[in-house]
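Engineer: Attaching a single structure in structure tokens format; questions to follow.
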Amino acid sequence: MTEPHVPRLSVDIVSDVMCPWCIIGWLKFRQVMDHFKGRLDFRVQWHPFELNPDMPPDGEDAAAHVMRKYGISAEQSRANTGRLAAIADKLGFAFNRGPDFRMRNSFDAHRLLTWAGAMESSDQQAATGVQTALKLALFRAHFTDNRDVSDHDVLADVAASVGLDRERAAAILASDEFGEMVRTEEHWWAERNITGVPAFILGGQMLVPGAQDAELFIRVIEKKILAPAA
């Protein structure tokens, strides 16, 4: 007796390491993958988006940045931060945004993520690979450990922590390698009207924007993907 065929769904996630809603969105989507275990396989790939492409090398104080960018008060900024931290905590992720927390330039992080993604096989059986491991390690380094993920030494260390070759990572960071690929991808997604993150593209064509609850994803997949294929 042969095993029943389990369909596979591609999941492209356009995201920035600087985006708190991106890690929250991913943690919620993991619940979706768990829900469909045995009924649907997934293949996850991450794609670059820079919330602040002009961020200077030294970064910017996160609270000041948010107040300036969104035109909100310090009190509103603190309330938003607390709300994000509470949501993340329920999902098992710690936001440790101390008084010296800064927004950083994420372009070099995207170069390493593009490298990691290029090393994955398109027909790998697992839903995620080293690119996802690196993405999550970068989220933790930035939001939990308050490390400067624009610093090349930090980036090389984070890459090594997920099993990537540190010397190769350092060599990439010291060059312009993968930079053109990042810019090309950013432009490609922008042409497809991806203007905010996270953005989840299911099956190469169905866009679900934002850090939606698992229930919404489940309804979409049931009605728009599984039902028509039945």
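The values are calculated or read from the model by the stated rules, or taken from the named source; none is laboratory data. In this text, all values refer to a predicted model and were calculated from it rather than measured experimentally. As a convention, Cβ positions derive from the backbone with ideal geometry for all residues, glycine included, and neighbour counts pool all protein chains shown. SASA here: full protein model, heavy atoms, side chains in, ligands and nucleic acids out. Shrake-Rupley method; radii C 1.70, N 1.55, O 1.52, S 1.80 Å.
Engineer: Which residues, counting only those in the stretch 10-22, are surrounded by fewer than 20 Cβ atoms within 10 Å (Cβ to Cβ) and within 17 Å of residue 125 (Cβ to Cβ)?
Structural biologist: Listed by number, the list holds a single entry, 10.
Engineer: I've got another one for you. Test residue 25 against the stated conditions and say whether it is surrounded by fewer than 19 Cβ atoms within 10 Å (Cβ to Cβ) and in contact (Cβ under 8 Å) with a residue 40 or more places away in the chain. Explain how you work it out, then say what you get.
Structural biologist: Working: surrounded by fewer than 19 Cβ atoms within 10 Å (Cβ to Cβ): no; in contact (Cβ under 8 Å) with a residue 40 or more places away in the chain: yes.
No, not satisfied.
Engineer: Being out of contact with any His (no Cβ under 6 Å at 6 or more places or on another chain) and farther than 25 Å from residue 84 by Cα, is that true of even one residue in the stretch 130-146? Steps first, please.
Structural biologist: Of the stretch 130-146, the ones out of contact with any His (no Cβ under 6 Å at 6 or more places or on another chain) are 130-146.
After this cut, where a residue has to be farther than 25 Å from residue 84 by Cα as well, the list is 130.
Yes; the residues of the stretch 130-146 include at least one that is out of contact with any His (no Cβ under 6 Å at 6 or more places or on another chain) and farther than 25 Å from residue 84 by Cα.
Engineer: Pull up the stretch 171-197, narrow it to residues that are open to solvent by less than 60 Å² (accessible area, probe 1.4 Å) and small (Gly, Ala, Ser), then point me to the one that is nearest to residue 32 (Cα to Cα).
Structural biologist: Restricting attention to the stretch 171-197, the residues satisfying the condition of being open to solvent by less than 60 Å² (accessible area, probe 1.4 Å) are 171-173, 175, 178-179, 182, 185-186, 189-190, 194, 196-197.
Narrowing further to those that are small (Gly, Ala, Ser): 171, 175, 179, 190, 196.
Values: 171: 37, 175: 38, 179: 32, 190: 26, 196: 21 Å.
Going through the qualifying residues, I end up with 196.
Engineer: Residue 30 versus (1) of a type in the set (D, E, K, R); (2) under 19 Å from the mean Cα position of the chain (by Cα); (3) under 21 Å from residue 150 (Cα atoms): which is the lone unmet condition?
Structural biologist: Single failed check for residue 30: (3).
Engineer: Does the stretch 126-136 hold any residues that are free of Cβ contacts under 8 Å to residues at least 40 places away in the same chain and either touching a Cys at 6+ places or on another chain (Cβ under 7 Å) or open to solvent by 10 Å² or more (accessible area, probe 1.4 Å) (or both), and which are they?
Structural biologist: Let us first name the residues in the stretch 126-136 that are free of Cβ contacts under 8 Å to residues at least 40 places away in the same chain, namely 126, 129-130, 133-134.
Passing the criteria: 126, 129, 130, 133.
Engineer: Tell me yes or no: at least one residue of the stretch 148-155 is closer than 19 Å to residue 182 by Cα, open to solvent by 40 Å² or more (accessible area, probe 1.4 Å) and at pLDDT 95 or above. Lay out the reasoning, then the answer.
Structural biologist: If we filter the stretch 148-155 for residues that are closer than 19 Å to residue 182 by Cα, which is where we start, we get 149-152, 155.
The next check asks that each one be open to solvent by 40 Å² or more (accessible area, probe 1.4 Å); those that pass are 151-152.
So of that shortlist, the ones also at pLDDT 95 or above come out as 151-152.
Checked the stretch 148-155: at least one residue is closer than 19 Å to residue 182 by Cα, open to solvent by 40 Å² or more (accessible area, probe 1.4 Å) and at pLDDT 95 or above.
Engineer: Still on this model: Just the residues that are touching a residue at least 24 places away in the same chain (Cβ under 8 Å) and either outside any helix (DSSP H, G or I) or open to solvent by 50 Å² or more (accessible area, probe 1.4 Å) (or both), please, taken from the stretch 198-230.
Structural biologist: We begin by selecting, within the stretch 198-230, every residue touching a residue at least 24 places away in the same chain (Cβ under 8 Å); these are 198-204, 210-214, 217-218, 221, 225-226, 229.
If the condition is that a residue be touching a residue at least 24 places away in the same chain (Cβ under 8 Å) and either outside any helix (DSSP H, G or I) or open to solvent by 50 Å² or more (accessible area, probe 1.4 Å) (or both), then 198, 199, 200, 201, 202, 203, 204, 210, 211, 212, 213, 229 are the ones that fit.
Engineer: Only one of (1) open to solvent by 30 Å² or more (accessible area, probe 1.4 Å); (2) part of a loop (DSSP other than H, G, I, E, B); (3) not hydroxyl-bearing (Ser, Thr, Tyr) is not met by residue 95, so which one is it?
Structural biologist: Unmet condition: (1).
Engineer: A follow-up question, please. Do we find a residue being touching a helix residue (DSSP H, G or I) at 6+ places or on another chain (Cβ under 9 Å), among the charged types (D, E, K, R) and within 20 Å of residue 148 (Cβ to Cβ) anywhere in the stretch 55-72?
Structural biologist: Yes - at least one qualifying residue is present in the stretch 55-72.
Engineer: Tell me which of these residue 56 doesn't satisfy, since it passes every other one: (1) assigned to a loop (DSSP other than H, G, I, E, B); (2) open to solvent by less than 50 Å² (accessible area, probe 1.4 Å).
Structural biologist: In the conditions (1) assigned to a loop (DSSP other than H, G, I, E, B); (2) open to solvent by less than 50 Å² (accessible area, probe 1.4 Å), residue 56 misses (2) alone.
Engineer: Let me ask you something else. Between residues in the stretch 101-122 that are within 17 Å of residue 60 (Cβ to Cβ) and acidic (Asp, Glu) and residues that are at pLDDT 95 or above and open to solvent by 20 Å² or more (accessible area, probe 1.4 Å), which pairs lie under 8 Å by C-beta distance while being six or more apart or on different chains?
Structural biologist: From the stretch 101-122, the pairs are 108/150; 108/152.
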